[in-house]
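For reference, the structure discussed in these notes is given below.
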Amino acid sequence: NNEEAGRCMLSAATLTAAAGRVPASLLRSPCVQVTRLRNGLRVATQHKASEVVTAGVYIPAGSMYETPQNNGTAHFLEHMAFKGTTRRSQAQLEHEVEGLGAQLNAYTSREQTVFLARSCKAALPRTLDILADIIQRPTLEHRSVESERQTIIREMEEVDTQSEEVAFDKFHEISFKGSPMGATILGPVHNVRHITRDDLRAYVRAHYTASGMVLVVVGDVAHDKTVKLAQQLFEGIPTGEVPEPPAANFHGGIYCGVFR
């Protein structure tokens with residue numbers, strides 16, 4: 001059996017022994033239970049007395065896993081997340097989320113792509129079904145790809161006017177010169193203009209694999225029930241291999257330029 005038993009990451013004994021060195025807030029934190037599914041995906045839950053449940057799927061598919069040729073693909077794919085699946089059109093997806101009183105969001109960083117959902121605890125099964133659907137069955141229709149391409153280019157133009165964002169990107173470019181960590185999350189305009197539907201599908205096949213994914217659920221939930229639900233909804237994700245983080249050697253340096 002490849003399933004790992006749920007376990008408390010911070011046991012009572014460990015915290016008691018470290019009571020003199022651990023902040024009181026951490027001592028009061030509920031434990032996190034983790035189970036690895038048959039396909040390798042990990043399910044982590046933390047019980048919290050709340051009628052609102054937050055769920056997130058964390059995928060090691062940020063810009064640091066890209067090459068100069070496909071830099072920007074992870075962010076582009078995130079934009080396509082809520083444009084419809086083979087089971088739900090964009091309109092159906094929006095209507096269902098609204099009907100549940102839920103919230104969906106997603107973001108891409110250099111380290112990962114994350115899909116998030118918040119809902120009442122009674123809606124958790126349907127909320128997880130939606131998350132599983134958008135990760136496993138995006139349609140990536142040509143019309144939507146072209147529409148989001150223009151949206152991303154406008155976003156890039158806006159980011160270029162924000163000194164804080166530009167400074168942060170320049171910091172990475174100089175400090176991690178020659179490594180993927182030095183690239184921007186949005187990618188260069190040339191790449192964004194030429195990313196295709198096939199490129200997006202290839203990225204999903206390469207990076208959206210279960211071995212590196214973590215499903216995190218926080219709220220008034222039972223770990224065993226959440227694991228059973230996750231097994232049903234996410235079992236179609238191929239195991240794949242845990243991606244090896246690329247080297248990110250810090251070099252440092254000085255940038256001389258003018259921020260708009």
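The values are calculated or read from the model by the stated rules, or taken from the named source; none is laboratory data. None of these values were measured; they are calculated from a predicted model. So basically every Cβ, Gly included, is an ideal-geometry build from the backbone, and we count neighbours across all protein chains shown. The accessibility values were calculated without ligands, DNA or RNA, using every heavy atom of the protein model including side chains. Shrake-Rupley method; radii C 1.70, N 1.55, O 1.52, S 1.80 Å.
Of note:
- Tally, over the range 60-104, of residues that are over 20 Å from the mean Cα position of the chain (by Cα) and of a type in the set (Ser, Thr, Tyr): 2
- Evaluated against (1) within 18 Å of residue 113 (Cα to Cα); (2) part of a helix (DSSP H, G or I); (3) in contact (Cβ under 8 Å) with a residue 40 or more places away in the chain, residue 242 falls short on exactly one condition, (2).
- Against the numbered list (1) of a type in the set (A, V, I, L, M); (2) open to solvent by less than 40 Å² (accessible area, probe 1.4 Å); (3) outside any helix (DSSP H, G or I); (4) under 16 Å from residue 59 (Cβ atoms), residue 216 comes up short only at (2).
- Condition check for residue 221: in contact with a Gly (Cβ under 6 Å, 6 or more places away or on another chain), assigned to a loop (DSSP other than H, G, I, E, B) and either open to solvent by less than 70 Å² (accessible area, probe 1.4 Å) or within 20 Å of residue 44 (Cβ to Cβ) (or both): no
This table checks each residue for (1) of a type in the set (A, V, I, L, M, F, W, C); (2) open to solvent by less than 30 Å² (accessible area, probe 1.4 Å).
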| position | (1), (2) |
| --- | --- |
| 60 | no, yes |
| 68 | no, no |
| 92 | no, no |
| 99 | no, no |
| 104 | yes, no |
| 113 | no, yes |
| 116 | yes, no |
| 141 | no, no |
| 145 | yes, yes |
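- Subset of the range 80-90 [of a type outside the set (A, V, I, L, M, F, W, C) and either within 20 Å of residue 214 (Cα to Cα) or buried (at least 18 other Cβ atoms within 10 Å of the Cβ) (or both)]: 83, 84, 85, 88
- Lone qualifier among 77, 27 - being touching a Leu at 6+ places or on another chain (Cβ under 6 Å), at pLDDT below 90 and either among the hydrophobic types (A, V, I, L, M, F, W, C) or surrounded by fewer than 14 Cβ atoms within 10 Å (Cβ to Cβ) (or both): 27
- The range 172-215 - residue that is among the acidic types (Asp, Glu) and closer than 30 Å to residue 143 by Cβ and, of those, nearest to the chain's Cα centre (by Cα): 199
- For the range 162-212, the set of residues classified as open to solvent by 40 Å² or more (accessible area, probe 1.4 Å), touching a Ser or Thr at 6+ places or on another chain (Cβ under 8 Å) and of a type in the set (Val, Ile, Thr) consists of 184 only.
- Scanning the range 37-56 for residues that are out of contact with any Ser or Thr (no Cβ under 9 Å at 6 or more places or on another chain) and within 23 Å of residue 204 (Cα to Cα) yields 37, 56.
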